[in-house]
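The values are calculated or read from the model by the stated rules, or taken from the named source; none is laboratory data. Note that the structure is a prediction, hence the values are computed from the model and not measured. Every residue, glycine among them, receives a Cβ derived from its backbone with ideal geometry; neighbour counts consider all protein chains shown. Keep in mind that these areas ignore ligands, DNA and RNA; they rest on the heavy atoms of the full protein, side chains included. Shrake-Rupley method; radii C 1.70, N 1.55, O 1.52, S 1.80 Å.
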Amino acid sequence: MEAKNTGKLFVYAALFLAIALIIQNIRVILPLPGPITMFLIGSLLNMTLILAVCYTGVMPTSIIAILLPFVAFMQGQLAIVFMIPIVAVGNIVYVLYCRKFWQGKFVWLAPFIKMAILYVGSLWVIHMLHLPEKTAAILSFMMSWPQIVTGLMGIILARIMLKKLPKKI
């Protein structure tokens, strides 16, 4: 890759990271009810991850996908530190799957795969830490079907945005 394209790649990666971090801070700026912010922010973050992989590739997007759960933890949205690697893996698998199957109908399975990773991972954390019943219920709910909704919305929004954005670098 020539230097000009490498520079563009870094700029795009930094841009998508900045967009993702701004999206994560919506919950700080707009005090909306938890379920609304979960669906809004989750959908926008999934869209941003897909756009990032389309414009920057797997490695820069994987770095963004790993950083996002750290930020969520620091904001208190991800209350259990052991969920950070689980969410990071779910994000990366989601992005890789979307990238591989973007042109086909199997792309719609990506949210289900991500949800399975997050849900099983949350059950493991619940079991390992012997979390109280109320905490366990909240965590397992957050990592269940809402992940399918936000994942599907992320794909839909990314498809819309890709039609409006300039061609890839």
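Annotations for the structure displayed:
- Subset of the stretch 80-97 [assigned to a loop (DSSP other than H, G, I, E, B) and among the β-branched types (Val, Ile, Thr)]: Ile80, Val81
- Taking the stretch 58-67 as the range and being surrounded by fewer than 23 Cβ atoms within 10 Å (Cβ to Cβ), in contact with a helix residue (DSSP H, G or I) (Cβ under 6 Å, 6 or more places away or on another chain) and farther than 20 Å from Lys167 by Cα as the test, the residues that pass are Ser62, Ile66.
- For the stretch 105-120, a residue qualifies if it is of a type outside the set (Phe, Trp, Tyr) and either farther than 16 Å from Val53 by Cβ or crowded, with 20+ Cβ neighbours inside 10 Å (or both), and the qualifying residues are Lys105, Leu109, Ala110, Pro111, Lys114, Met115, Ala116, Ile117, Leu118, Val120.
- Search result, residues across the stretch 121-169 that are assigned to a helix (DSSP H, G or I), open to solvent by less than 40 Å² (accessible area, probe 1.4 Å) and small (Gly, Ala, Ser): Gly121, Ser122, Ala136, Ser140, Gly151, Gly154, Ala158
- Of the numbered criteria (1) in a helix (DSSP H, G or I); (2) open to solvent by 50 Å² or more (accessible area, probe 1.4 Å); (3) over 26 Å from Lys8 (Cα atoms); (4) not hydrophobic (A, V, I, L, M, F, W, C), the one Lys100 fails is (3).
- Scanning the stretch 79-109 for residues that are within 21 Å of Ser140 (Cβ to Cβ) and within 13 Å of the chain's Cα centre (by Cα) yields Ile84, Pro85, Ile86, Val87, Ala88, Val89, Gly90, Asn91, Val93, Tyr94.
So that you can scan it fast, the table gives a plain yes or no per residue for (1) farther than 22 Å from Pro146 by Cβ; (2) of a type in the set (Ser, Thr, Tyr); (3) surrounded by 17 or more Cβ atoms within 10 Å (Cβ to Cβ):
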site	(1), (2), (3)
Asn5	yes, no, no
Lys8	yes, no, no
Phe16	yes, no, yes
Ile22	no, no, no
Ile36	no, no, no
Phe39	no, no, no
Thr56	yes, yes, yes
Phe70	no, no, no
Leu96	no, no, yes
